[in-house]
Amino acid sequence: MAKAKAKRGPGQPTLYSDELTTEILRRLRLGETLRSICRDPAMPDRSTVYEWFEVHKSFSDQYEEARRKGCDAMADELIEIAHDGTNDWMEKHHYKGDDTRAVNGEHIQRSRLRVDTLKWYLAKFAPRRFGDRVALEHQGADGKDLQPVLNITVSHQPEPAPKAGNGSHDAGD
């Protein structure tokens, strides 16, 4: 899409087209979010894309697959952020002329936030691939297999109905 179309005004829906959906899916596979794609003036509004999911099942399926592939791109980005030391240090120029280097804590914190956010997203969106592994132990403290627990079923027996004429609420009281 070399030429960007003018953004439509409110209330003017974008017509579904293979050209638009192909571009949306391509950008999702590259790890871009739907929100950022829809900010592009040449792209439809997010609400329009959500409506397309309801009407076009094949697009909905392709969207889910593109999001899964986009996770790989995000994982690559996560590694690049972690390895990038650019701007971790900054030069400080003092009025007396003695320049020093100092840690740029703000930049490091921002990188940490980006890494943590991407890790969280990947773990939530694709937990089998990117989530924490949880292993369950089936052994006791002594290292031996745990013994099965005896299951007891308790059934509730209804209480018997009160007998007539037991004297608790007689009319003559």
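The values are calculated or read from the model by the stated rules, or taken from the named source; none is laboratory data. This is a predicted model, so every value here is computed, not measured. So basically every Cβ, Gly included, is an ideal-geometry build from the backbone, and we count neighbours across all protein chains shown. Please note that ligands, DNA and RNA were not included when accessible areas were found on the heavy atoms of the full protein model with its side chains. Shrake-Rupley method; radii C 1.70, N 1.55, O 1.52, S 1.80 Å.
Would a scan of region 84-106 turn up a residue that is surrounded by 10 or more Cβ atoms within 10 Å (Cβ to Cβ), in a helix (DSSP H, G or I) and in contact (Cβ under 8 Å) with a residue 12 or more places away in the chain? Scanning region 84-106, I find no residue that is surrounded by 10 or more Cβ atoms within 10 Å (Cβ to Cβ), in a helix (DSSP H, G or I) and in contact (Cβ under 8 Å) with a residue 12 or more places away in the chain, so the answer is no.
This table checks each residue for (1) modelled with pLDDT of 95 or more; (2) among the basic types (K, R); (3) part of a helix (DSSP H, G or I).
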| site | (1), (2), (3) |
| --- | --- |
| T14 | no, no, no |
| E23 | yes, no, yes |
| A42 | no, no, no |
| S60 | no, no, yes |
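Taking region 37-86 as the range and being hydrophobic (A, V, I, L, M, F, W, C) and more than 16 Å from R129 (Cα to Cα) as the test, the residues that pass are I37, C38, A42, M43, V49, W52, F53, V55, F59, I81, A82.
When I79, I37 are screened for being open to solvent by less than 80 Å² (accessible area, probe 1.4 Å) and either at pLDDT below 90 or not in a strand (DSSP E or B) (or both), only I37 passes. Pairs are defined by a Cβ separation below 8 Å, a sequence spacing of at least 6 or placement on different chains, a first member in region 143-157 that is at negative phi, and a second member that is open to solvent by less than 100 Å² (accessible area, probe 1.4 Å); the pairs so defined are D145/Q139; L146/Q139; L146/G140. Exactly one of (1) in a loop (DSSP other than H, G, I, E, B); (2) basic (K, R); (3) within 30 Å of the chain's Cα centre (by Cα) is unmet by R68. Its number? Of the numbered conditions (1) in a loop (DSSP other than H, G, I, E, B); (2) basic (K, R); (3) within 30 Å of the chain's Cα centre (by Cα), the odd one out for R68 is (1).
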